[in-house]
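One structure is given below, encoded as structure tokens.
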Amino acid sequence: MSYIEIKDVSFSYADDARLILKDISLNVEKGEFVLVVLVLRTMQALRVFEIIYQLTQGGPNNSTMVVSFYAYFKTFSSLDFGYGSTIGMLIAVITIIITLVYKKVLEDKEV
């Protein structure tokens, strides 16, 4: 059963006669939709940076420092580029691992 189904969509700009996209179809199953939403929300949670930087810059005594802000702080304030990029890569690896766990759990449950 399809959760979202779009068939044969074409697109062209208003002042151009040629088609930019032609006959695009999208079929998303129910479990795939949940997986995409979970992965995107997890990535957003791990990347939260700008609101913390704008409001508190890590807060009093680093009380609001999250991992992405810590990577920024180490990279640009301490000028430790290797350590900061290592933290960034760890964030990416953790996101991939969480995504694989989500996928495995959703395949087993058949959401």
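The values are calculated or read from the model by the stated rules, or taken from the named source; none is laboratory data. This is a predicted model, so every value here is computed, not measured. All Cβ positions, glycine included, derive from the backbone under ideal geometry; neighbour counts span all protein chains shown. For accessibility, only protein heavy atoms count, side chains too; no ligands or nucleic acids. Shrake-Rupley method; radii C 1.70, N 1.55, O 1.52, S 1.80 Å.
Descriptive notes on the structure:
- Taken over segment 21-63, the criterion of being of a type in the set (Ser, Thr, Tyr) and over 18 Å from residue 88 (Cα atoms) is satisfied by 25, 56, 63.
- Qualifying position, being among the acidic types (Asp, Glu), surrounded by 12 or more Cβ atoms within 10 Å (Cβ to Cβ) and modelled with pLDDT of 80 or more, among 80, 15, 8: 80
- Of residues in segment 49-75 being closer than 28 Å to residue 99 by Cβ and surrounded by fewer than 14 Cβ atoms within 10 Å (Cβ to Cβ), the one modelled with the highest pLDDT: 51
- Among the residues of segment 92-106, those identified as surrounded by 15 or more Cβ atoms within 10 Å (Cβ to Cβ) and either without any contact (Cβ under 8 Å) to a residue 40 or more places away in the chain or under 14 Å from residue 40 (Cα atoms) (or both) are 95, 98, 99, 102, 103.
- Close pairs (6 angstrom Cβ cut-off, 6 or more residues apart or separate chains): of a type outside the set (D, E, K, R) in segment 69-91, outside any helix (DSSP H, G or I) and open to solvent by less than 70 Å² (accessible area, probe 1.4 Å) anywhere: 69/49
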